[in-house]
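Enquirer: Got a structure here, written out as structure tokens. Questions coming.
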Amino acid sequence: MTTLTRALAGLLCATIATTAGPGTAAAQPLTADHAVEIALKHNSQIVTSEADILDAKGGVYSSASAMLPRVSASYGRSGSLTTNSRGVGSRINGSQVVSGQGSTDFESYSTVPLLSGSWNILDLSSLSGFSAARSNLKAAQLQRHETRNIVILDTRRRFYDVVTAEHIATVSGAALRVSRDDERRVRALFEVGSVSRSDVLKSQVRTAQSELDSLTAVQNITATRVTLAQQIGVAEAQLGDIDTVLTAEPQTYDEAALLAEAVKNRPDIAAAEATVRAAGASVNAARFQRLPYVTVSGSVGINSRFSQVATTTFDSADVHVVFPPQGSSSQDDREWRGQVALNLDLFNGLTVESQSASARARWIRARENRDALRRNLTSEVHGTLLIYREAIERVAVAQRADESAAENLNLTQQKYNVGSATILELIDAEVQLQRALGDDVSARAQLRVAEAQIELVRGSGR
């Protein structure tokens with residue numbers, strides 16, 4: 001029994017300073033930093049934020065196209081045929097002029113290589129739309145940074161959930177072994193008449209409860225590993241061993257300095273500012289659609305060729321006369337055309353009013369979101385520091401509880417050895433140590449998560 005109690009008392013150091021199981025020689029245990037690196041490549045939120053940036057870039061290209069000139073080139077070959085065109089006319093055939101009623105067939109062909117272009121040189125609505133698209137792109141890039149920080153925090157939280165689960169499983173396994181040994185000892189004492197039947201039943205209940213706690217702890221390891229794998233974007237089987245060393249050095253933070261750093265570096269606040277600017281530019285773009293805009297267009301035909309052939313038949317004095325075909329052709333080296341126009345959309349079916357109302361609604365929502373982030377920043381920093389300080393106090397209290405529980409178990413063991421303590425008091429001391437070990441593990445894990453929350457609130461997200 002002395003060996004077992006010493007093993008349980010020494011579990012504090014084993015739980016905090018060692019891993020729950022040996023890693024393989026081929027692969028290093030997964031650390032929190034490595035888990036973060038994997039998550040920043042495969043997490044679905046990261047992938048989605050990258051897609052949002054591509055979408056915002058598409059908006060910039062689309063809005064820029066309304067301001068840039070458009071140039072097109074074409075090479076056309078066309079022809080037309082008109083048959084049996086009737087009318088009254090005259091035609092010269094050598095030295096004779098013949099008049100009468102007849103029919104005419106026409107054939108014409110043209111070849112036109114054409115280069116044309118147009119440009120909205122003064123369109124305030126397009127300029128404002130381009131400004132809005134650029135602000136949206138900036139907001140998407142800043143939001144990606146904020147998403148990275150959130151993913152880092154969530155990954156560290158999930159990682160330390162696994163670490164806590166493995167440590168708790170180790171503590172529960174040791175407690176189960178102690179409970180079984182206690183039950184066997186109580187049975188032996190019952191057989192010699194030193195304890196009652198009630199003490200045996202109580203030991204059996206404690207063993208059953210320890211078995212249930214151990215099963216729950218082992219199952220919790222699998223559940224937390226699955227959650228961590230989903231967070232970093234890999235299969236659970238690929239996680240391998242987890243580095244379960246829990247070490248944390250408490251730090252001191254100045255709240256005013258932390259708040260100033262958050263105001264300067266928080267990507268979500270900067271993204272909200274960019275979104276407000278984008279919404280304001282969209283409002284102006286909708287308003288400017290009521291103003292006139294100037295367009296310039298032009299084209300040039302290069303080596304254009306035209307040809308036409310006409311065949312005429314006249315019936316005169318019941319004589320059928322057929323004149324030979326007559327035709328014409330021409331070729332132009334260059335044909336230039338240009339236009340400058342002042343345009344004004346007088347009525348477009350309330351499209352401007354609809355776009356203006358939607359843009360103003362987006363601007364109102366974006367401004368409120370930005371103002372809310374600013375208002376809540378001070379309380380968010382203060383609350384995060386309170387959580388961190390509470391985590392430090394929890395670690396200190398848990399350490400004192402560990403020491404007290406270990407010392408109490410040692411004293412109770414000595415008293416029991418000399419007959420001044422009962423088996424129930426010894427078992428109760430062992431249970432207290434087991435609980436203290438579990439609380440210590442949880443406190444240290446919460447401190448690591450609180451550190452990650454500090455990094456998130458200051459805008460660094462490491």
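The values are calculated or read from the model by the stated rules, or taken from the named source; none is laboratory data. All values reported here derive from a predicted model rather than from experimental measurement. With ideal geometry, Cβ positions are generated from the backbone for all residues, glycine too; neighbour counts draw on all protein chains shown. Accessible surface is based on the protein model in full, side chains and every heavy atom, while ligands, DNA and RNA are left aside. Shrake-Rupley method; radii C 1.70, N 1.55, O 1.52, S 1.80 Å.
Enquirer: If you count, for each residue, the other Cβ atoms within 10 Å and average over each peptide, how do 109-120, 439-450, 391-402 line up from highest to lowest?
Expert: Ranking, from highest mean packing down: 439-450, 391-402, 109-120.
Enquirer: Peptides 343-349, 197-203: what's the order by average Cβ count within 10 Å, highest mean first?
Expert: 197-203, 343-349
Enquirer: Quick check: residue separation of Thr378 and Gln209 times 0.36 nm, minus the Cα distance between them. What number comes out in nm?
Expert: 56.3 nm
Enquirer: Pairs of lysine in the chain with Cα under 27 Å and at least 8 positions apart or on different chains: total?
Expert: 7
Enquirer: Rounded to a whole number, what % of the accessible area of the chain do carbon and sulfur atoms account for, probe 1.4 Å?
Expert: 53 percent
Enquirer: Wrap a convex hull around the Cα atoms of region 343-462, take a quarter of its surface area, and give that in square nanometres.
Expert: It is 13.7 nm².
Enquirer: Let me ask another. Relative to 2.2 N^0.38 Å, what does the C-alpha radius of gyration of region 133-275 come to as a ratio? Two decimals please.
Expert: Taking N as the residue count of region 133-275, the ratio is 1.74.
Enquirer: Next question, about the same structure. Give the Rg (one decimal place) followed by the Dmax (whole number) of region 354-398, computed from C-alpha coordinates and expressed in Å.
Expert: 19.2, 62
Enquirer: Classify region 361-430 as rounded, prolate or oblate from the Cα gyration tensor: take a ≥ b ≥ c as the square roots of its eigenvalues, call it rounded if a/c is under 1.5, otherwise prolate when a/b beats b/c and oblate if not.
Expert: The shape class here is prolate.
Enquirer: How large is the Rg to Rh ratio of region 24-76 when both quantities use alpha carbon positions and Rh follows Kirkwood?
Expert: 1.44
Enquirer: Related question: Checking understanding here: applying a Kyte-Doolittle mean of at least -0.5 and a length along the axis of at least 27 Å (C-alpha), which whole DSSP H helices in the chain pass?
Expert: 44-65, 124-191, 197-232, 267-288, 423-458
Enquirer: Also: Taking 0.36 nm per intervening residue step and subtracting the Cα-Cα distance, what contour gain separates Val300 from Asn84 on full extension?
Expert: 74.2 nm
Enquirer: Related question: Give the value in nm², to one decimal: projected area of the alpha carbon convex hull of the chain, averaged over all directions.
Expert: Value for the chain: 42.9 nm².
Enquirer: How much mean residue ellipticity at 222 nm does the chain get from its helices, if each DSSP H run of length 4 or more adds -39500 (n - 2.57) and you divide by all residues, to the nearest 500 deg cm²/dmol?
Expert: My calculation for the chain gives -22500 deg cm²/dmol from helical runs alone.
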